[in-house]
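> My questions will all concern the structure given below.
The values are calculated or read from the model by the stated rules, or taken from the named source; none is laboratory data. It should be emphasised that the depicted structure is a prediction, and the values quoted were computed from it without experimental measurement. Please note: Cβ atoms are built from the backbone with ideal geometry, for glycine as well, and neighbour counts cover all protein chains shown. The area values use the complete protein model at the heavy-atom level, side chains included, leaving out ligands, DNA and RNA. Shrake-Rupley method; radii C 1.70, N 1.55, O 1.52, S 1.80 Å.
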Amino acid sequence: MTEPAHHHLAAGLLPAGTPAIPVSLVSTTDWPTLESGLDAPQRVYAAAVGFAPKPGQVALLPGPDGSLSRVLFGLGETGAAGHDRLLAGKLPGLLPPGAYALADCAEPAEAALAWLLGAYRFERYRKPGPEGARLVAPDGVDAAGIARIARAVALGRDLVNTPANDLGPAEIEAAARALAARHGATVAVVLGEDLARDFPLIHAVGVASPRPPRLIDLTWGPVDGPRVTLVGKGVAFDTGGLDLKPSAGMLLMKKDMGGAAAALSAADMVMGAGLRLRLRLLIPAVENAVSGNAFRPGDVLASRAGLTVEVGNTDAEGRLILADALALADAEDPDLLIDFATLTGAARVALGPDLPAFFTEDDALAGEIAAAGLAAIDPVWRMPLHAPYASLLASKVADLNNVSGGPFAGAITAALFLRRFAPRTKRHVHFDLYGWNPAAKPGRPEGGEVQTARLVHHLLTARYAAA
Ligand code: BES
Ligand code: MN
Ligand code: ZN
């Protein structure tokens, strides 16, 4: 099975050594030296057009024959607190078509990644734009590795950007199968009566849609490797269910499979890098729809873990489907269990769209995650699994309720809900992410975004580096 690509990624990096126009990435500190090294006409030209090494400023310098011969691109103060390490992601949108090579660049690997991330465009429903500026692979960097990461991000962005009429549970399955085929992984899928019996929460949430719910279970890698399980929330569309969302809250809900997209993207990176581990990827894929057979507020549902769950709100569907997937993951006591989900509005209120929240009880692992987020330019912020708040999920009729009912600590109570379903697993991380760029930033085009996958790839590389 081949994966249809719905993006334009300027086709990756050109081979090292391809003739190219040099692009100098110039910080405030480096500018005086670089400026004095320019030949006189270029120095005069740069001054005439008012070039300064401010963040994102560009000057296209002509050669003696008037052709474009050199590009200056300002980085500002690279040591400053607000410095954007993906700034070079602006370049593919600024430069005319052609081949470019980084010159005078302190962080060529970061700049090359930023460039490729910034070259992404979602073109499934429009004529492809012209091929733009291309970057030549910088010397001394793992160009293939960078290209793999960018391609994996593009895969996830495509999935988030694809609207729900073209991306239901079956299409999420197809994406997982295509990924598996590319990497020699195995996929098993649970559907229908088997799903109703073994994964009652996934079934209950997905049953109202004519597009059947399912659990996707992908495995890859040596059976004796350390077991790493990724779980991604795959809600193809979240209407809220009978607790229907208002239109403004529903508008973007095609992105409610952003956790599944992040998990698939991370899996692509891990398998592509050939890390020495046993990977399992679980995606409960459903559409939270409205129909006569929809699950209702007040329903009491069975779960795979054996706990009964009272439905306080059908719009808290993500934690329900994740609960059954986590129970399956927990049964084999993985070395590391990571779930990804567009789970709560509360996490966005707390941290905004660019900063996913993460939860774990393991302080050492939390440190590794924060470090990996910094290293991979994939920032996250820890929030507490404050155990006393678990009482907010108490139910009078069932083992627990799926919501707290009150206005407080919504992201924390959601995370505590999930923890109930993976009690054996010691190293469990939950990412509550937004999966969307509300406005374009360098390297982060407006629209669907893959968050935390590069972090996880970096973390797993550090933990289980190939022998
Ligand atoms: N998918 C939403 C969460 C969401 C909303 C993420 C908007 C990003 C942007 C989730 O299924 C949901 O509806 N959560 C509810 C939970 C509430 C009913 C306890 C929420 O956060 O409002
Ligand atoms: Mn919801
Ligand atoms: Zn949802």
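Each row is one residue, and each column tells you yes or no for (1) open to solvent by 10 Å² or more (accessible area, probe 1.4 Å); (2) modelled with pLDDT of 95 or more; (3) touching a Gly at 6+ places or on another chain (Cβ under 8 Å); (4) not basic (Lys, Arg).
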| position | (1), (2), (3), (4) |
| --- | --- |
| Leu307 | yes, yes, no, yes |
| Asp315 | yes, yes, yes, yes |
| Ala327 | yes, yes, no, yes |
| Asp339 | no, yes, yes, yes |
| Gly345 | yes, yes, yes, yes |
| Asp354 | yes, yes, no, yes |
| Leu365 | no, yes, no, yes |
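> Select from the stretch 291-331 the residues that are within 14 Å of ligand 1 (Cβ to nearest atom) and either assigned to a loop (DSSP other than H, G, I, E, B) or farther than 23 Å from Ile216 by Cα (or both) and list them in ascending order.
Scanning the stretch 291-331 gives Phe295, Pro297, Glu310, Val311, Gly312, Asn313, Thr314, Asp315, Ala316, Glu317.
> Out of all the residues in the stretch 254-274, which are away from ligand 3 (no atom under 14 Å from the Cβ) and hydrophobic (A, V, I, L, M, F, W, C)?
Hits for the stretch 254-274 are Ala262, Ala263, Leu264, Ala266, Ala267, Met269, Val270, Met271, Ala273.
> Now a separate question. Kindly evaluate Phe417 against the criterion of being touching a residue at least 40 places away in the same chain (Cβ under 8 Å), of a type in the set (Phe, Trp, Tyr) and part of a helix (DSSP H, G or I).
yes
> Mind counting the residues in the stretch 367-393 that are in a loop (DSSP other than H, G, I, E, B) and either more than 16 Å from the chain's Cα centre (by Cα) or acidic (Asp, Glu) (or both)?
The total comes to 5.
> On the given criteria, is Val397 open to solvent by 20 Å² or more (accessible area, probe 1.4 Å) and over 21 Å from Val349 (Cα atoms)?
In short, yes.
> Do you know which residues across the stretch 159-211 are part of a helix (DSSP H, G or I) and touching a Gly at 6+ places or on another chain (Cβ under 6 Å)?
The answer is Val160, Asn161, Ile172.
> With the structure loaded, tell me whether Leu277 is closer than 13 Å to Phe340 by Cβ, away from ligand 3 (no atom under 15 Å from the Cβ) and either touching a residue at least 12 places away in the same chain (Cβ under 8 Å) or assigned by TED's automatic domain parsing to the domain that holds Pro169 (or both) or whether it fails that test.
Considered against the rule, which asks whether it is closer than 13 Å to Phe340 by Cβ, away from ligand 3 (no atom under 15 Å from the Cβ) and either touching a residue at least 12 places away in the same chain (Cβ under 8 Å) or assigned by TED's automatic domain parsing to the domain that holds Pro169 (or both), Leu277 comes out as no.
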